[in-house]
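Enquirer: Let me begin by handing over the structure; questions about it come next.
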Amino acid sequence: MVTAPYGDPVTDLESLLDLAVQDQKGPLAPRGEHRLELVERMRCSCHCRFAELALLKARLADHAAVIEHEAFDADGAALLLAVPAGQFSALQRALADLSRGRIALQALTP
């Protein structure tokens, strides 16, 4: 016998399936559909020194930005980023502050 999160026994197959889906994918929307938030992102690039890379990655998480590609060279890492459109200027300032102006986040044209 399987119990629901509140301790009640689950007796019908539909309830059991709902619990399995919730365990795997999180809470369900009212009709059993999952809702995903769509975030418009813009592509950007920057280059940073190796010493700044870990801090840069932490700042990306703070601004919901993700790394699409990274390439390493003798001086550091060149990054291709996907940044939420509303976070671009805040992330640009944060990276400049982090590196004392050495990291310049540049928007790429589509």
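Enquirer: Would you order Glu52, Glu37, Glu70 from fewest to most other beta-carbon atoms within 10 Å of each residue's own beta-carbon?
Expert: Details: Glu52 19, Glu37 4, Glu70 13.
Ascending Cβ contact count within 10 Å gives the list Glu37, Glu70, Glu52.
Enquirer: Could you list Ile67, Ile103 in order of exposure, starting from the residue whose Cβ has the fewest other Cβ atoms within 10 Å?
Expert: Values: Ile67 13, Ile103 22.
So the ranking, lowest neighbour count to highest, is Ile67, Ile103.
Enquirer: Just to be sure I understand the model, the point goes 7 Å from the Cα along the line to the Cβ. What's the resulting Val39 to Ala90 distance in nm?
Expert: Going from the Val39 label point to the Ala90 one covers 1.1 nm.
Enquirer: Over the alpha carbons of the range 64-110, what is the largest minus smallest coordinate on each principal axis, giving the biggest first in Å?
Expert: 33, 26, 19
Enquirer: Got a sec to turn the phi values of the range 53-61 into Karplus ³J(HN,Hα) couplings, 6.51 cos²θ - 1.76 cosθ + 1.60 with θ = phi - 60°, whole Hz, x for Gly and Pro?
Expert: 4, 5, 5, 4, 4, 5, 5, 4, 5
Each reported figure results from applying straightforward, stated rules to the coordinates on display, with no laboratory input. For clarity, every value in this text was computed on a predicted model and none was experimentally measured. When we count neighbours, we look across all protein chains shown, and the Cβ atoms used for this are built from the backbone with ideal geometry, even at glycine.
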